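K.L.:
Sharing a structure with you now.
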Amino acid sequence: MLDQLKRALAAEDATAVSVVLAEDVISRVAVHDEPIKGAGAASHISGAVLDGELHDIEVSATIGGVGDTSVLMFGAQVAGHPGRADGLLVARQDRDERISDLTLFVRPLATLQALADEMGRRLGVPRPGGVV
């Protein structure tokens, strides 16, 4: 499933990302304190992110982790923001090899903030501090 996730990200294909997720997947992002639970919510967010917000995604490395955990290193362009973002996606697989846990890290901070602001606007979710 990790190879499928890698191909789906490179193709910017949210539907293909959804296929590899476990129903009870937990997603974590730097701008939210609480994890996002469930494949439906994760698919909705993936769709919003991959619908033009992150583009020119290049997965540069896959690092095998300990046991069921791996890390994808990637670069991407954030719409309307200069420069490229660097990212890490930590993925854990369940016994069925579906992705059961995702943690996303993006840098630099200005790029992360631009991405968070746009995603909050698209999804209608306020960021901490009440900013939508």
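The values are calculated or read from the model by the stated rules, or taken from the named source; none is laboratory data. Here the structure is a predicted model, which is why all the values come from computation and not from measurement. Methodologically, a virtual Cβ is constructed for each residue, glycine included, from the backbone with ideal geometry; neighbour enumeration extends over all protein chains shown.
K.L.:
Does the stretch 71-94 contain any residue that is over 16 Å from the mean Cα position of the chain (by Cα), at pLDDT 90 or above and loosely packed, with under 15 Cβ neighbours inside 10 Å?
P.N.:
Scanning the stretch 71-94 turns up no residue that is over 16 Å from the mean Cα position of the chain (by Cα), at pLDDT 90 or above and loosely packed, with under 15 Cβ neighbours inside 10 Å.
K.L.:
For residues that are closer than 17 Å to residue 88 by Cα and either free of Cβ contacts under 8 Å to residues at least 60 places away in the same chain or touching a helix residue (DSSP H, G or I) at 6+ places or on another chain (Cβ under 9 Å) (or both), tally how many sit in the stretch 12-31.
P.N.:
Counting residues in the stretch 12-31 that are closer than 17 Å to residue 88 by Cα and either free of Cβ contacts under 8 Å to residues at least 60 places away in the same chain or touching a helix residue (DSSP H, G or I) at 6+ places or on another chain (Cβ under 9 Å) (or both) gives 7.
K.L.:
Here's another thing I want to ask about it. Do the conditions hold for residue 70, that is, is it assigned to a strand (DSSP E or B), touching a Gly at 6+ places or on another chain (Cβ under 7 Å) and either farther than 14 Å from residue 89 by Cβ or without any contact (Cβ under 8 Å) to a residue 24 or more places away in the chain (or both)?
P.N.:
Against the criterion (assigned to a strand (DSSP E or B), touching a Gly at 6+ places or on another chain (Cβ under 7 Å) and either farther than 14 Å from residue 89 by Cβ or without any contact (Cβ under 8 Å) to a residue 24 or more places away in the chain (or both)), residue 70 does not qualify.
K.L.:
Something else about it: All but one of (1) small (Gly, Ala, Ser); (2) at pLDDT 90 or above; (3) over 13 Å from the mean Cα position of the chain (by Cα) hold for residue 8; which doesn't?
P.N.:
The single condition residue 8 does not satisfy is (3).
K.L.:
Quick one: residue 3 ticks every box in (1) crowded, with 17+ Cβ neighbours inside 10 Å; (2) among the acidic types (Asp, Glu); (3) assigned to a helix (DSSP H, G or I) except a single one, so which number is it?
P.N.:
(1)
K.L.:
Of all residues in the stretch 99-132, count the ones that are at pLDDT 95 or above and either in a loop (DSSP other than H, G, I, E, B) or polar (S, T, N, Q) (or both).
P.N.:
Result for the stretch 99-132: 1.
K.L.:
Sort out which residues of the stretch 52-67 are of a type in the set (D, E, K, R) and not in a loop (DSSP other than H, G, I, E, B), and write them in order of number. Quick ask: steps written out before the conclusion?
P.N.:
So in the stretch 52-67, the residues of a type in the set (D, E, K, R) come out as 53, 56, 58.
Once the filter is applied, which keeps residues that are of a type in the set (D, E, K, R) and not in a loop (DSSP other than H, G, I, E, B), the stretch 52-67 yields 56, 58.
K.L.:
Name the residues in the stretch 95-107 that are of a type outside the set (Phe, Trp, Tyr) and either touching a Cys at 6+ places or on another chain (Cβ under 7 Å) or surrounded by fewer than 16 Cβ atoms within 10 Å (Cβ to Cβ) (or both), would you?
P.N.:
Residues satisfying the conditions are 95, 96, 97, 107.
K.L.:
Take the residues in the stretch 73-98 that are part of a loop (DSSP other than H, G, I, E, B) and touching a residue at least 24 places away in the same chain (Cβ under 8 Å); name whichever of them is farthest from residue 109 (Cα to Cα).
P.N.:
96
K.L.:
Looking at the stretch 6-42, which of its residues are surrounded by fewer than 17 Cβ atoms within 10 Å (Cβ to Cβ) and among the hydroxyl-bearing types (Ser, Thr, Tyr)?
P.N.:
15
K.L.:
Taking only the stretch 17-51 into account, find how many residues are in a helix (DSSP H, G or I) and out of contact with any Asp or Glu (no Cβ under 8 Å at 6 or more places or on another chain).
P.N.:
Qualifying residue count, the stretch 17-51: 13.
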